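First comes the structure, then the notes that go with it.
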Amino acid sequence: MVNKIHQNIIYWAIILVVQFLLFYILSKSGLAVACFSRVFEWKKNVHILLFSSFRFSAGDALYSVFLFYLIYACVSFIRKRKGKTIKQLLILLNISYFIYQCFWGMLYFQTPLIDKLPKKHITDADLKKLALKYLYLCKETREKVSEDQHGIFVINNLGKIEREIRLQQKYLAPRFTSKIPVENISVKPSLYDNLMSYTAILGYYNPFTAESQFNPHLPASQLPFTLAHEMSHQMGFAREQEASFVAYLCAQNSKNLDLKYSAELYVLKSLLRNLSANNKAFVKIIISKYSEKMKRDRQAERQFFEKHESILTAVFGFTNDLFLKTNQQDGSVTYSYFITLLARYEA
């Protein structure tokens, strides 16, 4: 009996390794990646329709069950040393990995959006010009949005922003995508929202339920663009910086001022972050030219993240950075890809 359990453990371990190799090989095939993209297009509305009916995040509930089972299995193995527990974990890992790759993982290897934009060498002068442009846009839009009694930007209607994002997704230029926007909105506050505040994670997409989760406690200046980013994932844009670029495209021509201001501010901050390595004096000048209202919003953001700074911020930042890099992305601390997309688009 013991030998049989050991054989089963080896068997499922081998299957997992074979899956790693198989999907690695498939990721190198344009035809295979295109097939997985079509599978995603076929299933996404069905997937979202099914789980959007839940008022809470079904994906977070699923993660909670998995976490509790993982803890139980580890404790059970330590106490009883049963090989059966390891076999069950390996089976669960095999199933989860297969579903993840089929429903989401292979989308990281789609044709990059940058291949659909004109080639252009980006210089610091180009970025400085864009920074000045978006400073002006931010100042202009900020004057038109609402604020609370402390003079800080406040969102009037979050549901209206979600509907606007879905509407703008329909108007994305065909040269960027043939992906079809989802029919049902499935964007929900995370069940882990309080924990998220201490991790610097603004939102995330659940590939098992196709839900987009966000932290409802975020500063209002960051929330609309976070929603647009996560809803871009729902369309099928897996790469983080591409999802941000698509979110920017959706906000660019929107008449919803809350969404527009949040996106313009994200672009401005991304440009300044990119320029800060070699142009600190210029960045300081731009920040000093923020309007008083923008300065209040900036201070509110800083206070929020300083208040929630913890070791979890570093831990999740490192693991997220590692995850991005294993999926052919720049990493969470780099904005060069998004900036390159923006600069080429603006050229």
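A short reminder: the numbers here are calculations on the coordinates, not readings from a lab. The structure presented is a predicted model; accordingly, all values stated were derived computationally and were not measured. We place every Cβ from the backbone using ideal geometry, glycine too, and count neighbours over all the protein chains shown.
Amide H neighbours of E147 under 5 Å, counting only residues 5+ apart in sequence or on other chains, H built in-plane at 1.01 Å?
Residues meeting the amide H criterion: V154.
Helix 292-307 against the longest principal axis of the chain: what's the angle in degrees, Cα atoms only, rounded to the nearest 10?
Helix 292-307 sits roughly 30 degrees off the main axis of the chain.
List the aspartates and glutamates whose Cα sits under 20 Å from the Cα of K128, skipping any in the same chain fewer than 8 residues away.
Excluding near neighbours in sequence, the set is E140, E264, E346.
Roughly speaking, what is the centre-to-centre gap between region 164-224 and region 250-295 when only Cα atoms are used, to the nearest Å?
What the calculation gives is 21 Å, centre to centre.
Let's test the formula: R0 of 56 Å, r as the Cβ-Cβ distance of K129 and I78. What FRET efficiency results, to the nearest 0.05?
0.40
In a Gaussian network model over the chain where Cα atoms closer than 10 Å are linked, find which of A73, A251, A210 has the largest mean-square fluctuation.
Largest GNM mean-square fluctuation: A73.
Answer with one residue from L22, V246, S212: the one whose Cα lies farthest towards the positive end of the charge dipole of the chain, charges on Cβ with Lys, Arg +1 and Asp, Glu -1.
Value: L22.
In a shell of Cβ-Cβ distance under 11 Å around C250, excluding C250 itself, what net charge do Lys and Arg (+1) and Asp and Glu (-1) give?
Taking every other residue near C250 into account, the sum is +2.
Going by average Cβ neighbours within 10 Å, how do the peptides 180-187, 228-235 rank, with the highest at the top?
228-235, 180-187
Pull out the extension gain between S291 and L167, defined as 0.36 nm times the separation in residues minus the alpha carbon to alpha carbon distance; nm, one decimal.
Roughly 41.6 nm would be gained on extension.
Mind ranking 94-106, 60-72 by how tightly packed they are, going by the mean number of other C-beta atoms within 10 angstrom, highest first?
Most protected by this proxy first, the peptides run 94-106, 60-72.
First select every other residue whose beta carbon is under 14 angstrom from the beta carbon of A300; then total the charges, Lys and Arg +1, Asp and Glu -1.
+2
Using only the C-alpha atoms of region 113-346, find the volume of their convex hull and express it per residue in Å³.
Enclosed volume per residue, from the Cα hull, is 129 Å³.
Taking H as built 1.01 Å from N, whose amide H comes closer than 5 Å to the amide H of N184, not counting residues under 5 places away?
Counting only residues 5 or more places away or on other chains, the set is empty.
Go through 6-14, 190-198 and give me the packing order, highest mean Cβ count within 10 Å leading.
190-198, 6-14
Please pull out the direction-averaged projected area of region 16-56, using the convex hull of its alpha-carbon atoms, in nm² to one decimal place.
In nm², the orientation-averaged hull projection of region 16-56 is 4.1.
Run the dipole for the chain about the Cα centre, Lys and Arg Cβ at +1, Asp and Glu Cβ at -1, nothing else charged, and hand back the magnitude in debye, nearest 20.
The calculation lands at about 560 debye.
For a 31 Å ceiling on Cα separation, which of these pairs sit above it: K44/K120; K119/K280; K28/K119; K129/K295; K116/K293?
K44/K120; K116/K293
Once label points are set 7 Å from the Cα along Cα→Cβ at both A281 and F68, what is their separation, rounded to one decimal in nm?
Distance between label points: 6.0 nm.
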